[in-house]
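The values are calculated or read from the model by the stated rules, or taken from the named source; none is laboratory data. Values in this document were obtained by computation on a predicted structure and should not be read as measured data. Glycine gets a Cβ as well: all are built from the backbone with ideal geometry, and neighbour counts include every protein chain shown. Protein only, heavy atoms only, side chains kept; ligands, DNA and RNA dropped before computing areas. Shrake-Rupley method; radii C 1.70, N 1.55, O 1.52, S 1.80 Å.
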Amino acid sequence: MSTLAIIPARGGSKRLPGKNIRPFAGTPLIAWSIRFAQAYPRFDRVAVSTDSPEIAAVSAAAGTEVTRLRPVHLATDTATTISVVLDMLTHEASEGRRYDAVALLQPTSPMRLTKRWDEAFSLLEDPDLDAVIGVSPVRTHPFHTFTFGSGALAPLHDRETLKQRSQDLPTVVAVAGNLYLARTSALESHQTFFPERTAGVLCDEPFETIDIDDELDWIVAETIANRYGIEP
């Protein structure tokens, strides 16, 4: 299964300016994903999609040359990740390179385990599956949550489930953000990493669910990286 690993890294970030090239535990944030992708044997090619010359330069220094900057219309706040992925696939095809699958590595989730990707590829060998994503246990069960308006609370599910202990409720997971793997054909036809035939890989280590969006996230993530002795 030939696989293209795509690392999307837009230059603009309102909450944390320059985060993709900011040193994270001593190494530019995007370099964590680049180094992982380069070392993982199931990825046939690693491509960084960015609109920023600065990110392109840091990516090149980390070992992945950016030969083409992302089109302007895909560098806005409203541009979707799937649009970026499909644009990269179109560009690769124009260069004569086609792939059976696409892996998405978001730079904001820098800490990964190889064994999760091994499991994802094993799952995707099932012809009845189109995609695999990383998932993690939720801290608060959705059956114990409420909608909140004008001070009034309304159970998101029903009042009977509020009486149940969390351990007695169905197991629930959320998207971890650290692993996306899908067949190219499914991405092109469904235009999502969440087609109907999607399986999950459980990522239950604390560092796997990190998604850096603001300064507090950054501080927590660096603290965890240092605590666990994780390096790119």
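In the range 76-97, the qualifying residues are those that are over 16 Å from the mean Cα position of the chain (by Cα) and modelled with pLDDT under 95, and the one that is most open to solvent (accessible area, probe 1.4 Å) is 78. The set of residues from the range 212-232 being acidic (Asp, Glu) and either more than 15 Å from the chain's Cα centre (by Cα) or open to solvent by 80 Å² or more (accessible area, probe 1.4 Å) (or both) comprises 214, 215, 217, 222, 231.
Could you please find all residues in the range 141-153 being at pLDDT 90 or above and either out of contact with any strand residue (DSSP E or B) (no Cβ under 7 Å at 6 or more places or on another chain) or not polar (S, T, N, Q) (or both)?
Of all residues in the range 141-153, those at pLDDT 90 or above come to 141-148, 152-153.
Those that are at pLDDT 90 or above and either out of contact with any strand residue (DSSP E or B) (no Cβ under 7 Å at 6 or more places or on another chain) or not polar (S, T, N, Q) (or both): 141, 142, 143, 144, 145, 146, 148, 152, 153.
The range 135-232 holds helices (runs of 4 or more DSSP H) entirely within its bounds, and those carrying 3 or more residues that are touching a residue at least 12 places away in the same chain (Cβ under 8 Å) map to 184-190, 215-228.
Restrict the check to the range 31-49 and report whether at least one residue is touching a strand residue (DSSP E or B) at 6+ places or on another chain (Cβ under 7 Å), of a type in the set (Phe, Trp, Tyr), closer than 16 Å to residue 102 by Cβ and open to solvent by less than 50 Å² (accessible area, probe 1.4 Å). Don't jump to the end; show me each part of the working.
Applying the first criterion (touching a strand residue (DSSP E or B) at 6+ places or on another chain (Cβ under 7 Å)) to the range 31-49 yields 32-34, 37-38, 42-49.
Narrowing the set further to residues that are of a type in the set (Phe, Trp, Tyr) leaves 32, 43.
Narrowing the set further to residues that are closer than 16 Å to residue 102 by Cβ leaves 43.
Next, from what is left, pick out any that are open to solvent by less than 50 Å² (accessible area, probe 1.4 Å): 43.
Among the residues of the range 31-49, at least one is touching a strand residue (DSSP E or B) at 6+ places or on another chain (Cβ under 7 Å), of a type in the set (Phe, Trp, Tyr), closer than 16 Å to residue 102 by Cβ and open to solvent by less than 50 Å² (accessible area, probe 1.4 Å), which makes the answer yes.
State yes or no: is residue 13 open to solvent by less than 40 Å² (accessible area, probe 1.4 Å), of a type in the set (S, T, N, Q) and at pLDDT below 95?
On the way: open to solvent by less than 40 Å² (accessible area, probe 1.4 Å): yes; of a type in the set (S, T, N, Q): yes; at pLDDT below 95: yes.
Yes.
Does the range 116-128 include one or more residues that are farther than 24 Å from residue 9 by Cβ and among the basic types (Lys, Arg)? Within the range 116-128 (the criterion being farther than 24 Å from residue 9 by Cβ and among the basic types (Lys, Arg)), the answer is no, since none of the residues qualifies.
Scan the range 50-75 for residues that are surrounded by fewer than 18 Cβ atoms within 10 Å (Cβ to Cβ), in contact (Cβ under 8 Å) with a residue 40 or more places away in the chain and either closer than 24 Å to residue 114 by Cα or not acidic (Asp, Glu) (or both) and the total you get is 1.
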